[in-house]
1. Can you compute the modelled spin-label distance between VAL245 and ALA42, with each label point 7 Å from Cα toward Cβ, in nm?
2. Specify whether the C-alpha gyration tensor of the range 148-236 places it in the rounded, prolate or oblate class, a ≥ b ≥ c being the square roots of the eigenvalues: rounded for a/c under 1.5, otherwise prolate if a/b is larger than b/c and oblate if not.
3. Enumerate the helices in the chain for which the Kyte-Doolittle hydropathy averages -0.5 or more and the C-alpha atoms extend at least 15 Å along the helix's axis, using complete DSSP H runs.
4. Let me have the relative contact order for the range 74-145, percent, based on Cα pairs under 8 Å that are six or more residues apart.
5. Straight-line reach only, C-alpha to C-alpha below 24 angstrom: list the lysines that LYS142 could link to, leaving out same-chain residues fewer than 8 apart.
6. For the chain, build the convex hull from the C-alpha positions and give me its volume per residue in Å³.
7. Can you pull a Stokes-Einstein diffusion coefficient for the range 74-145 at 25 °C (0.890 mPa s), Rh from Kirkwood over Cα pairs, as a whole number of µm²/s?
8. Take the chain, mark every one of the GluC sites (Glu not before Pro) that falls in a DSSP loop and has at most 15 other Cβ within 10 Å, then report the longest stretch left between them, sites excluded.
Amino acid sequence: MIQNKNESISELNWLNLPNINLTVKSLFTSYLLTIGLGAILASAQILMTHGMADGELGLSVDDIVYSYHGDPTNSKIETKLNGSMKDKASDADRLEIIKWVRDGASEEQWNEKIRDIVYTNCISCHSTIPGLPDFTQFEEVKRVAKADHDGASATSLTRISHIHIFAISFIFFFNGMIFSLSIGIKQWFKVLIVSAPFFFLCIDVFSWWLTKIDAGYAWLTIISGFGYSACSAVTWFVSLYQMWVLPRKDKNYKINSWES
Ligand code: HEC
């Protein structure tokens, strides 16, 4: 049967967050709560790896610079021993390693005493976990004991760039899709807030490469990360609110949220 176009669209007036049925609400809610947990874990992980890169808790521009650009005034091993590896050895042992590094990291002293310290404190991970430098090899210790002029390698940046873009755009897509069913929000604002995270995501990844080349771009990483977190947080809260709180107000929302 051929229907009048406008009629068939208005029949979809149940298509909005307060009105959709319990199955769809449960699906959306489980998804939102799970990515919420993921976001908390991701923040913790960022704080623990990048956040501690300069040895102080909290994410700063210096952290981004050390992670992507490197720190030519310091060796990576010293930065880490004052940062995310701080709790891996006693203060005395850390000091011994740092002194050795500052004295030029000679093989002689390595054989004399540093190797024992490193074997005791570090190689349980740094010889077993793939991707970490293997500290049973003197060359690999030597490499992280040199001033860090490079920061993140192009290979590792390429790998994390594409994983980051593919994985996170899924999160933004579903989060934005759910939010698109919200009601009472101006169209221009919806358009802005569902598209902006993708824009920030590309800027974020691009800024890692820029920061690797020039430390002056580290602020871009912070701004873009803040940008997509803020947009996602707004859509996340609005979606949950409209699914679970709005229907309690005893109004009947007869709106097709996808109709333009
Ligand atoms: C419990 C496991 C574990 C132990 C023990 C450990 N590390 Fe690590 N280390 C890691 C992990 C995981 C990373 C990668 C994440 C990071 O950079 O914080 C890492 C990264 C590093 C890096 C940076 C490597 C790179 O190429 O970016 C250095 C340097 C380092 N550790 C030094 C040490 C030293 C020195 C010790 C001993 C005092 C030590 N670690 C003990 C797990 C460990």
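Values quoted throughout were computed directly from the atomic coordinates according to the rules given, and no laboratory measurement underlies them. Everything quoted here is computed from the prediction, not taken from an experiment. Heads up, the Cβs are rebuilt from the backbone with ideal geometry, glycines too, and the neighbour counts pull from every protein chain shown.
1. In this crude spin-label approximation the distance works out to 2.4 nm.
2. On the way: a/c = 3.86, a/b = 2.22, b/c = 1.74.
Prolate.
3. Result, helices passing both filters: 22-49, 91-102, 154-179, 187-213, 218-244.
4. Details: 53 pairs, mean separation 23.0, N = 72.
Computed over the range 74-145, the figure is 32 percent.
5. By straight Cα distance, LYS142 reaches LYS76, LYS80, LYS86, LYS88, LYS99, LYS113, LYS212.
6. So the per-residue hull volume is 169 Å³.
7. Value of D from the Cα-based Kirkwood radius: 205 µm²/s.
8. On the way: sites that count: GLU11, GLU56, GLU259.
The segment 57-258 is the longest one with no such site.
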